[in-house]
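Following: one structure in structure tokens, then a few remarks.
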Amino acid sequence: MNATFRFGLGIFLIMTLNMNALSKDDNSPVLLPVKDDPTISIRLWFKTGSQDDPAGKEGLAWLTADMLSEGSTTNNSYETILEKLYPLAAAYSADQSMEMTIYRGRVHKDNLEEYYPLFLDGLLRPAFKEEDFARIKDRALNYLQTILKYSSDEELGKAVLYNEIFKETPYRMTTISGLKSVTLDDVKQFYARHYTKNHCVIGLGGGFTPEFLTRLQKDLQALPQGEPKAVAKPEFEPIDGLNVTIVEKDAKATAISLGFPIDILRGTKEWYALALANSWMGEHRNSSSHLFQVIRAARGLNYGDYSYIENFPSGGQVQMPPVNVARRQQIFEIWIRPVPNETRHFVLRAAIRELQKLVDNGLTKEQFELTRNFLKKYALHYAPDTDSRLGYSIDDRFYCLNGSHLEKFRQMMDELTLKDVNQAIKKHLQYKNIKIAIITNNAEELKKQLVSNAESPIKYDAPKSEEIYNEDKEIMKYPLKIAAEKAKIVKVEDLFIQ
């Protein structure tokens, strides 16, 4: 038996084992060998994230991950590491989300021998220098205190929405007081407790050899032992009616996010049915989706309008769904990109009215066929390279899928029926119990308009069709029942304090 055959057989057995294990506790490697790929992708999944932050230390997981990827090691200063990585055209990072942290890198296989010691040092031999910690902590505080609050209203709206839905749960938002309280000793202890060999899953993709897999497995034995205490799935407070949080700031335009928890995860037929409905409603950054057509294309009120059934961070920077941000509790979310302040009430009405129409009426046969034909082709773009496909494979393990989500997605587009989709809509979507986050100016004025259910007429700079004008007459009177006690105003400077 030659080495190549043994390797191939080994990969087959491991992948078969992965398919049959169907357990998130399975720590066997996730392998995606691509013989002709000149690069090697390494993704080490550590089963930790923000949900592991101790109360009062919110931000600890974030700072720990950044210290690994952007700090010195015992062998090199951070500046030296950057100098050595530059000619290799390579880098490494630690991407931390709510339930996952991925320590990852990608390199041309010709540069592996020079790259690998640097990659491994970052994980196994962090220096934890005070000057690195001060730099990284200051940057994190600056993001929370300044960038998020004053230069990214869209991301701010989404952060406020998630925080309102998951407050008092492990999915809560990082706080300024939490970040400030984190010490370097906290980081060292979090690293020792959560970056353990028992919580690490190796992901390898591309042109790696069996010898490299063995070498990596042996080297990672240097990680500490440990079995951190598992964090329970968040138990959120049920939403009763329309609950609005208006963030008062000197905003030139109004950003709106709204949503509610949904009890469904990828892998079931029902999830793919809901994904199809969501794509029709608001496929991310896609001009053919319904919300985009209603708010932007027909009325020219903003740059785009989208909806989601899975966590989709940094939506303004990416086109395709991100990998390795999986979580056990998802929400249905609508993201309205900034609209002129004078149209905010009208646009909120328009978005919820379209959601109601989807829930009450479902998709038509024509809408169903059009969307599934689109998705069968569009899904091919979700993972265009080995590295992103490896990310999906790791997410398959997180969700305990029997096989590949990407393959199942396209397969389900052939198997779903209109009845499946409309049943999933009825079961998982609704329009009566929603959290709404609005970033705007003159918050008191908006609150009065919302709780009095005042009409919200709209004027355009350019003429519209008679059909649009007639529909606007319905939208401006669409009832939004918002009780005064369920509409609160928060000053932007008071957000995320503690």
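Applying the set (1) surrounded by fewer than 16 Cβ atoms within 10 Å (Cβ to Cβ); (2) among the hydroxyl-bearing types (Ser, Thr, Tyr); (3) under 26 Å from residue 74 (Cα atoms) to residue 191 leaves exactly one unmet item: (1). If you check residue 158 against the conditions, is it farther than 17 Å from residue 100 by Cβ, modelled with pLDDT of 95 or more and under 22 Å from the mean Cα position of the chain (by Cα)? For residue 158, the condition - farther than 17 Å from residue 100 by Cβ, modelled with pLDDT of 95 or more and under 22 Å from the mean Cα position of the chain (by Cα) - is met. The C-beta contact set for region 198-226 (first residue in a strand (DSSP E or B), second residue open to solvent by 10 Å² or more (accessible area, probe 1.4 Å) and small (Gly, Ala, Ser), distance under 9 angstrom, 6+ apart or interchain) comprises 201/28; 202/28; 203/393; 205/393.
Taken over region 82-105, the criterion of being surrounded by fewer than 16 Cβ atoms within 10 Å (Cβ to Cβ) and basic (Lys, Arg) is satisfied by 84 alone.
Got at least one residue in region 107-115 being surrounded by fewer than 19 Cβ atoms within 10 Å (Cβ to Cβ) and outside any helix (DSSP H, G or I)? Yes, region 107-115 contains a residue that is surrounded by fewer than 19 Cβ atoms within 10 Å (Cβ to Cβ) and outside any helix (DSSP H, G or I).
Residues in region 207-231 that are open to solvent by 80 Å² or more (accessible area, probe 1.4 Å), within 23 Å of residue 48 (Cα to Cα) and not basic (Lys, Arg): 221, 225, 227, 230. Listed by first and then second residue, the pairs linking a residue in region 361-372 that is on the phi > 0 side of the Ramachandran plot to a residue that is of a type in the set (A, V, I, L, M, F, W, C), with Cβ atoms under 6 Å apart and 6 or more places separating them unless they lie on different chains, are 362/425. Among the residues of region 296-307, just one is assigned to a helix (DSSP H, G or I) and either of a type in the set (A, V, I, L, M) or under 20 Å from the mean Cα position of the chain (by Cα) (or both), namely 297.
One residue alone among 364, 371, 343 is of a type in the set (Ser, Thr, Tyr), more than 26 Å from residue 399 (Cβ to Cβ) and open to solvent by less than 40 Å² (accessible area, probe 1.4 Å), and that residue is 343.
Summed over region 272-295, residues that are of a type outside the set (Val, Ile, Thr), in a helix (DSSP H, G or I) and either open to solvent by less than 10 Å² (accessible area, probe 1.4 Å) or touching a residue at least 40 places away in the same chain (Cβ under 8 Å) (or both) total 13.
Any residue that is among the charged types (D, E, K, R), farther than 30 Å from residue 29 by Cβ and assigned to a helix (DSSP H, G or I) - is there at least one of those in region 459-466? Among the residues of region 459-466, at least one is among the charged types (D, E, K, R), farther than 30 Å from residue 29 by Cβ and assigned to a helix (DSSP H, G or I), which makes the answer yes. Scan region 42-68 for residues that are hydroxyl-bearing (Ser, Thr, Tyr) and either open to solvent by 10 Å² or more (accessible area, probe 1.4 Å) or touching a Phe, Trp or Tyr at 6+ places or on another chain (Cβ under 6 Å) (or both) and the total you get is 2. The C-beta contact set for region 407-434 (first residue over 11 Å from residue 360 (Cα atoms), second residue open to solvent by 10 Å² or more (accessible area, probe 1.4 Å) and of a type outside the set (A, V, I, L, M), distance under 6 angstrom, 6+ apart or interchain) comprises 410/376; 413/372; 413/376; 418/365; 424/270.
The values are calculated or read from the model by the stated rules, or taken from the named source; none is laboratory data. The structure presented is a predicted model; accordingly, all values stated were derived computationally and were not measured. In this analysis, Cβ positions are derived from the backbone assuming ideal geometry, glycine residues included, and neighbour counts consider all displayed protein chains. Please note that ligands, DNA and RNA were not included when accessible areas were found on the heavy atoms of the full protein model with its side chains. Shrake-Rupley method; radii C 1.70, N 1.55, O 1.52, S 1.80 Å.
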